[in-house]
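The values are calculated or read from the model by the stated rules, or taken from the named source; none is laboratory data. What you are looking at is a predicted structure, and each value in this text was computed from that prediction instead of being measured. So basically every Cβ, Gly included, is an ideal-geometry build from the backbone, and we count neighbours across all protein chains shown.
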Amino acid sequence: MNNTGIVFDVDGVLIDTSRSFPEVVSGIIDLFASSITGLGSVPRLFTKEHYIKARSLPMFNDDYDIAWTFLSWAVSNTASITREGRAAPESWSAALGECDLDPLIWVPKTFGSDVDRNAVREACEEMYFGEEFFLSVRNTAPKHVKGSGLWERERPFLKNRWQSFVDPVGIYTGRTKEELELALLLLDWEDLPRERCVTPDDGVQKPSAEGLYRLEKILGVSEILFFGDSESDRKAFEGYGKGRFFPIGEVFFSTTGAYKTLEEALAGAGVKI
């Protein structure tokens with residue numbers, strides 16, 4: 001048995017998603033906001049600051065549910081949105097700070113169920129996948145989007161193949177299986193065994209530590225080095241508690257021992273490639 005396994009989150013760690021998922025969330029909020037909030041046209045209601053505040057909390061790992069949560073909050077808190085179409089990040093952050101449950105339970109309980117979660121998620125998929133790929137995986141034409149998807153803006157942070165690592169490699173991600181396939185394509189990791197990848201489609205998602213326990217068994221290791229960029233990653237590792245967590249990116253910039261890039265984190269971990 002190998003002693004140590006290496007597990008990566010995908011977004012913000014293996015893949016630069018700075019021009020994809022945040023834009024999906026913002027774009028879909030703009031698409032839905034005028035019709036469901038009664039505020040009229042409110043472009044760029046959701047900003048990068050709102051996004052980072054959500055990603056800094058452990059219960060908000062799913063970007064599409066960030067969009068649904070924000071719209072639900074906006075519907076019930078229209079007074080928090082100015083005439084200029086700005087929602088105070090501080091008010092948003094304060095509202096999210098009260099979430100101690102799965103958002104699927106907490107959002108309807110706190111804000112009501114006026115916003116159709118399935119409709120929001122489907123629209124997010126359309127914008128991310130684009131017309132051609134959405135049609136291929138969902139067998140239906142998109143309702144809101146034409147042309148290419150925002151996933152095409154993504155770039156890999158890592159040039160190494162997964163086989164080049166001395167220790168066994170796995171992935172624990174909030175991406176669906178279809179979204180993961182696009183990431184593996186960009187990484188040139190299409191031959192990574194899919195049993196080494198844990199996604200929400202496997203019935204487990206962060207901040208649960210279960211994905212790390214599963215990968216420990218699959219990789220045949222006794223502990224894991226986990227590279228993540230969100231508070232849900234850190235919380236998952238906290239529940240696992242073996243090996244070491246390597247925090248990467250702007251969510252953790254104020255955290256002692258955080259790394260700006262994956263390259264720096266791998267060097268700090270002493271990972272052999």
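Against the definition (closer than 21 Å to Phe32 by Cβ and of a type in the set (Phe, Trp, Tyr)), how does Tyr128 come out, yes or no? Answer is yes for this residue. Considering the conditions (1) more than 30 Å from Phe134 (Cβ to Cβ); (2) of a type in the set (S, T, N, Q); (3) crowded, with 16+ Cβ neighbours inside 10 Å, Thr261 is excluded by exactly one of them, (3). Contact annotation: residue pairs with Cβ atoms under 7 Å, 6 or more positions apart or on different chains, pairing a residue in segment 250-268 that is assigned to a strand (DSSP E or B) with a partner that is modelled with pLDDT of 95 or more, are Tyr259/Phe246; Tyr259/Pro247; Tyr259/Ile248; Tyr259/Ala265; Tyr259/Gly268.
If you check Phe237 against the conditions, is it part of a strand (DSSP E or B) and crowded, with 21+ Cβ neighbours inside 10 Å? Answer is no for this residue. May I ask you to list the residues in segment 192-223 that are aliphatic (A, V, I, L, M), in contact with a Gly (Cβ under 6 Å, 6 or more places away or on another chain) and touching a residue at least 12 places away in the same chain (Cβ under 8 Å)? Residues satisfying the conditions are Val198, Ala209, Leu215, Leu219, Val221. Residues in segment 242-262 include at least one that is at positive phi, at pLDDT 95 or above and touching a Leu at 6+ places or on another chain (Cβ under 9 Å). The set of residues in segment 165-191 that are in contact with a strand residue (DSSP E or B) (Cβ under 9 Å, 6 or more places away or on another chain), surrounded by fewer than 18 Cβ atoms within 10 Å (Cβ to Cβ) and without any contact (Cβ under 8 Å) to a residue 60 or more places away in the chain comprises Lys177, Asp188.
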